[in-house]
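The values are calculated or read from the model by the stated rules, or taken from the named source; none is laboratory data. In this text the structure is predicted, and so the values were computed from the model without any measurement. Please note: Cβ atoms are built from the backbone with ideal geometry, for glycine as well, and neighbour counts cover all protein chains shown. The area values use the complete protein model at the heavy-atom level, side chains included, leaving out ligands, DNA and RNA. Shrake-Rupley method; radii C 1.70, N 1.55, O 1.52, S 1.80 Å.
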Amino acid sequence: MRVPEKKNISVLIFAMLISVTAVGQNSPLKFGKIEPSDFEISEFQLDSSAGAIVILEFGETTFDHDFRIVLENHIRIKILNSSEFDRANVTIPMSVKDDIKGLKASTFNLVNGKVIESEVNRKDVFTESVTDEVKQVKFTFPEVKEGSIIDYVYTINYGTWSSLNTWYFQRSIPILHSEYKVSLPEYFNYIKTQSGYVVPLDYSRSIESGYYKQAEFSLNVEKFIAKNVPAFKVEPYISSQADYISKIKFELAGTRFPNTFVETYIHSTHAQLSKEYAEGEIYGKRLLQNNFLDEDIEKATQGATTNEEKIANIYRFVRDNYEVDLTVMAEGLRRLHSLRKAYPYEINCLLIAMYNQAGFEAKPVMLSTVENGKINPTHPIPRNFNQTICLVKDGEKEYLLDASKKHLPFNVLDKSSLNGSGMVITTDNFRWVELKPNIKNIQAIYSNLELDENGKLQGSVKKTLTGYEAITFRKNHSLKLKEYQEDFANKFSNWEIQEHEITGVDEIEKPILENISFETDNIAESMGEIIFFNPIPIGQTKDNPFKSDERLFPIYFGTPIEEVIVNRIKIPEGYILDSAPEQMGVALPDNGGSFIYSVQHVGDYITLSSKISINNVEFQPEQYFYLKEFFSQIISKQAEQIVLKKEL
């Protein structure tokens, strides 16, 4: 499999010019032609909360005379209220090598029954640099107010002919009409993949003729139309927007030019793709027989007596001694070994090489991160993979490792990597490996507290973060502990905090411990001979993340979750327990999770125990109601108060 050269396709250039039609002729609406009746659109009937509506989003992908991809766009939006005034600020990214052409943009307002146009002046269109490879064109529509219609068209070189630009049928606001047209010469075989919950209502495919000198060829023209598309709303606990927003992608699978052989650019199976990588330069022989690593291997495994200890120590050696640097291309393991810094995949390649040199069997595993979206199981498209980790074997036991992330303990992958399955890079015996969490996300709070007759509560809280809870804390706060403590103090501003100690942050394999000593008179309320108080001063679940009446997408937690609270509270002398929340046990269907709550009274002490367990990493939309009700009951129960009464 190889990428074809530009010269192979030059014969089509003029033919495609003949075949391509300008956007102004193909768009369902003519730019700038706004009628007074267009302003009658006042809301989207399926979503009355929308602050703006896309009246039209039309795009056509063609090729220009330099054989570059050309995307022609026409976008018209009605601004319904001030919440969407930012739509007037438009940014169009592109390669530094490309230019935007044919840009026209105007605001239209209805004034005394007459349509008034306010054009975007050329001098108000700015181009600014983003990176060495990317620039962006920016402009702002003038005279935008509630009820305005903004309309703009442009042509831009976007994407590559091996991977056409992705067309999105959804935005964060509703779309009345989304239309995408693609004109592809017959010599190109594209794989098209559609995803999301909105399926285009209209699809048409036609064959048109193109000519070059006396040669005739066919042009495959496809058109996709979606109407009344609801806004894409990011819901809590969604794995990735890329998995669910409605879109269509085109990937070049192969070419067949006249009088030439068929060229294939996408394998028919993932096994073939895996084998190609295993025999290639990056993941092939260079990961074997690297004698220059012997000294580091000896240093890393010194004192280790078992294979597992050796595997763990080599992992920690690479993790702790190599830095991720996206400005450095190591260009070989020996240079990486010298520089001690490189891209993440190169660091993991060196880890694999060390294991192989140490006598273990190690292979690369390619995966797609959660944010990047799930792997297409049907089409083995290389660009779908965006991360490489290490698989090392010790007999029948296997370890999945990523030494490019400083915060990860041994045999634990980052949550961003837990996305279905990873492709093992091998020449034979192809297989996938499941990417699943082998630890939980655990937070445990244990408190020893004392309440006096005036309602003042004082004592100590011990908070233990384990598994992914500790990993997340280290990622977010390890370099900013003082800032975290300040934020904590601001959050609990009614507490007088005497001590807030955090330990274990630098010990990656161990839990993180928070010890907090405090007193407050803001939790309990004393009313003569009665005291009311909530027995959960910290760690209470107060907000339900699931507020919508329905759910379109699966609910993704990423890892199993466990939250434990045990509070031992000494009550004031002379007071007795008058009432307390009843014991509760709630379970999700199919052992998906549970909530257990109890309050016990023994002598002068009340002990509150609360445990929330989420066992499933993912729940389907039809299980949404159970989760919503599950959290509602947790919130309601944890909000209940204990009542103490003075003993007569």
**OP:** Please indicate, with yes or no, whether at least one residue in the range 530-538 is part of a loop (DSSP other than H, G, I, E, B), polar (S, T, N, Q) and out of contact with any Asp or Glu (no Cβ under 8 Å at 6 or more places or on another chain).
**Re:** no
Subject >> Listing of strands (runs of 3 or more DSSP E) fully contained in the range 573-619 that carry 1 or more residues being under 18 Å from residue 556 (Cβ atoms), under 34 Å from the mean Cα position of the chain (by Cα) and without any contact (Cβ under 8 Å) to a residue 40 or more places away in the chain >> reply: 593-602
**OP:** Give the residues of the range 98-113 that are without any contact (Cβ under 8 Å) to a residue 24 or more places away in the chain and farther than 28 Å from residue 49 by Cβ, sorted by residue number.
**Re:** 112
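Going through the range 307-322 one residue at a time, which ones are among the charged types (D, E, K, R) and out of contact with any Leu (no Cβ under 9 Å at 6 or more places or on another chain)? Full working, then the answer.
First pass over the range 307-322, keeping only residues among the charged types (D, E, K, R): 308-310, 316, 319-320.
Scanning the range 307-322 gives 308, 309, 310, 316, 320.
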Subject >> All positions within the range 242-292 that are assigned to a helix (DSSP H, G or I) and free of Cβ contacts under 8 Å to residues at least 12 places away in the same chain >> reply: 285
Original post:
Is there any pair with a first residue in the range 49-69 that is open to solvent by 10 Å² or more (accessible area, probe 1.4 Å) and a second that is of a type in the set (Lys, Arg) and modelled with pLDDT of 90 or more whose Cβ atoms are under 9 Å apart and which are 6 or more apart or on different chains, and what are they?
Top reply: 55/76; 55/78; 57/76; 57/171
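Would you check if residue 340 is touching a Phe, Trp or Tyr at 6+ places or on another chain (Cβ under 6 Å), at pLDDT below 95 and among the charged types (D, E, K, R)?
Numbers: touching a Phe, Trp or Tyr at 6+ places or on another chain (Cβ under 6 Å): yes; at pLDDT below 95: yes; among the charged types (D, E, K, R): yes.
Here the answer is yes, as residue 340 does meet what is asked.
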Original post:
In the range 72-106, how many are modelled with pLDDT of 90 or more and open to solvent by less than 60 Å² (accessible area, probe 1.4 Å)?
Top reply: 19
Subject >> Residue satisfying condition, being assigned to a strand (DSSP E or B), open to solvent by less than 50 Å² (accessible area, probe 1.4 Å), over 29 Å from residue 240 (Cβ atoms) and in contact with a strand residue (DSSP E or B) (Cβ under 9 Å, 6 or more places away or on another chain), within set 191, 207, 156, 150 >> reply: 150
Original post:
In the range 503-516, which residue that is of a type in the set (Val, Ile, Thr) and free of Cβ contacts under 8 Å to residues at least 40 places away in the same chain is most open to solvent (accessible area, probe 1.4 Å)?
Top reply: 503
Original post:
Just for the range 264-276: of the residues that are touching a Phe, Trp or Tyr at 6+ places or on another chain (Cβ under 8 Å) and over 30 Å from residue 169 (Cα atoms), which one is surrounded by the most Cβ atoms within 10 Å (Cβ to Cβ)?
Top reply: 274
Original post:
With respect to residue 279, is the statement that it is surrounded by 11 or more Cβ atoms within 10 Å (Cβ to Cβ) and under 34 Å from the mean Cα position of the chain (by Cα) true?
Top reply: yes
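Of the residues that sit in the range 354-370 and are assigned to a strand (DSSP E or B) and open to solvent by 30 Å² or more (accessible area, probe 1.4 Å), which one is farthest from residue 556 (Cα to Cα)?
Out of the qualifying residues, it is 361.
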Subject >> Matching entry among 501, 525, 450 (being at pLDDT below 95 and at negative phi) >> reply: 525
**OP:** Identify the residue in the range 537-572 that is within 23 Å of the chain's Cα centre (by Cα) and among the charged types (D, E, K, R) and, among all such residues, is nearest to residue 470 (Cα to Cα).
**Re:** 562
Subject >> Whichever residue in the range 422-439 is open to solvent by 80 Å² or more (accessible area, probe 1.4 Å) and not polar (S, T, N, Q) and, among such residues, is farthest from residue 509 (Cα to Cα) >> reply: 428
Subject >> Odd one out for residue 473 among (1) open to solvent by less than 50 Å² (accessible area, probe 1.4 Å); (2) farther than 15 Å from residue 501 by Cα; (3) within 32 Å of the chain's Cα centre (by Cα) >> reply: (2)
**OP:** Could you grab the pairs with beta carbons closer than 6 Å, sequence gap of 6+ or different chains, first residue in the range 544-566 and surrounded by fewer than 17 Cβ atoms within 10 Å (Cβ to Cβ), second one in a loop (DSSP other than H, G, I, E, B)?
**Re:** 545/236; 552/197
Original post:
What number of residues within the range 620-648 satisfy the criterion of being in a loop (DSSP other than H, G, I, E, B) and in contact (Cβ under 8 Å) with a residue 60 or more places away in the chain?
Top reply: 5
Subject >> the range 371-384, residues that are surrounded by fewer than 21 Cβ atoms within 10 Å (Cβ to Cβ), within 17 Å of residue 345 (Cβ to Cβ) and in contact (Cβ under 8 Å) with a residue 24 or more places away in the chain >> reply: 371, 372, 382, 383
Subject >> Leading residue by the ranking (farthest from residue 71 (Cα to Cα)) among those in the range 218-232 that are open to solvent by 10 Å² or more (accessible area, probe 1.4 Å) and modelled with pLDDT under 90 >> reply: 218
**OP:** Could you tell me which residue of the range 294-330 is least open to solvent (accessible area, probe 1.4 Å), considering only residues that are outside any helix (DSSP H, G or I) and in contact (Cβ under 8 Å) with a residue 24 or more places away in the chain?
**Re:** 322
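Within the range 166-188, work out how many residues are part of a loop (DSSP other than H, G, I, E, B), closer than 21 Å to residue 50 by Cα and not polar (S, T, N, Q). Before you say what the answer is, go through the steps one by one.
Going residue by residue through the range 166-188, those that are part of a loop (DSSP other than H, G, I, E, B) are 166, 169-174, 186-187.
Those still in the list that are closer than 21 Å to residue 50 by Cα too: 169-174.
Filter once more, so that each one left must be not polar (S, T, N, Q): 169, 171, 173-174.
So the count comes out to 4.
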